[in-house]
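Asker: Next up is a structure, given as structure tokens.
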Amino acid sequence: MIYLLDVNALIALGFINHEFHPRVARWVRAKTSPQLASCSITELGFLRVLAQAPAYGFTVSQARSLLLRLKESYTSPLAFIPDGHDVSHLPGWVKAPKQITDGHLSDLAKANGALLATLDENIPDSYLIPK
């Protein structure tokens, strides 16, 4: 199974001091070489959050370097899912603005034979990374 990491899961995996890093790292270690993936939205979100939030203290360049190292560091490197979906692919369950990116990522994962892996309990048809 391929797991498309959402932005929070990707940040938690890549940033050791993140509050959910132990949870995501434990899940990755427990799987037998899980195939993890990212996409443009999750990678750009990773950069934006790490460079924008004072708690992380990264520049854009530092966040980019960290992501590039992360993409190559595991047993099998992060796959990249190209994103050719426009708004017409947004699932019907998306009703609120805060669901738009989740819906897009969930549908993108599904269209590519993957599951959206998340820390968010409220995303339909996604894989909740165990606590």
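No lab work stands behind these numbers, since they all come straight from the coordinates. These numbers come from a predicted model, not from an experiment. Cβ: placed from backbone, ideal geometry, glycine included. Neighbour counts: every protein chain shown.
Asker: Determine the relative contact order of the range 1-69: mean sequence separation of Cα pairs under 8 Å and six or more apart, normalised by residue count, in whole percent.
Answerer: 33
Asker: Taking the beta-carbon count within 10 Å as an exposure proxy, list Ser126, Ser106 from fewest neighbours to most.
Answerer: Ser126, Ser106
Asker: Could I ask something else about it? In nm, give the distance between the simple-model label positions of Asn112 and Ile2, each being 7 Å from the Cα along the Cα-to-Cβ direction.
Answerer: Each label point lies 7 Å from its Cα, and together they span 0.6 nm.
Asker: Checking the table Lys110/Lys131; Lys71/Lys110; Lys95/Lys131 against a 25 Å threshold on Cα-Cα, which pairs fail?
Answerer: Distance filter (> 25 Å) returns Lys95/Lys131.
Asker: While we're here: Ranking Thr42, Thr118 by Cβ neighbours within 10 Å, fewest first, what do you get?
Answerer: Ranking Thr42, Thr118 by Cβ neighbours within 10 Å, fewest first, gives Thr118, Thr42.
Asker: R0 = 35 Å: FRET efficiency of Arg29 with Thr59, Cβ-based, nearest 0.05?
Answerer: Once rounded, the FRET efficiency stands at 0.70.
Asker: For the chain, taking Cα atoms only, what is the radius of gyration to one decimal and the Dmax to the nearest whole Å?
Answerer: 14.1, 38
Asker: Which ordering of Leu5, Leu13 is given by a fewest-first count of other beta-carbon atoms within 10 Å?
Answerer: Ranked by crowding around the Cβ, least crowded first: Leu13, Leu5.
Asker: Taking the Cβ of Leu66 as the center, what net charge do the other residues with Cβ under 15 Å away carry, scoring Lys and Arg +1 and Asp and Glu -1?
Answerer: Details: positive: Arg48, Arg64, Arg69, Lys71; negative: Glu43, Glu72.
Counting the neighbours of Leu66, the net charge comes to +2.
Asker: With +1 on the Cβ of every Lys and Arg and -1 on the Cβ of every Asp and Glu, and nothing else charged, how large is the dipole of the chain about its Cα centre, in debye rounded to the nearest 20? All intermediate terms of the calculation are to be shown ahead of the outcome.
Answerer: Values: 12 positive and 11 negative charges, 85 e Å.
The calculated dipole for the chain is roughly 400 debye.
Asker: Based on DSSP H runs of at least 4 residues, each adding -39500 (n - 2.57), what is the mean residue ellipticity at 222 nm of the chain after dividing by all its residues, to the nearest 500 deg cm²/dmol?
Answerer: The helix-only estimate for the chain comes to -13500 deg cm²/dmol at 222 nm.
Asker: Now a separate question. Calculate, in nm to one decimal, what Lys95 and Glu121 gain on full extension: separation in residues at 0.36 nm each, minus their alpha carbon distance.
Answerer: 7.7 nm
Asker: Kindly provide the trypsin sites (Lys or Arg not before Pro) of the range 1-81 that DSSP labels as loop, not H, G, I, E or B, and whose Cβ sees at most 14 other Cβ atoms within 10 Å.
Answerer: Values: sites: Arg23, Arg26, Arg29, Lys31, Arg48, Arg64, Arg69, Lys71; in loops: Lys31.
For trypsin sites (Lys or Arg not before Pro) across the range 1-81 that sit outside H, G, I, E and B with at most 14 neighbouring Cβ atoms in 10 Å, the list reads Lys31.
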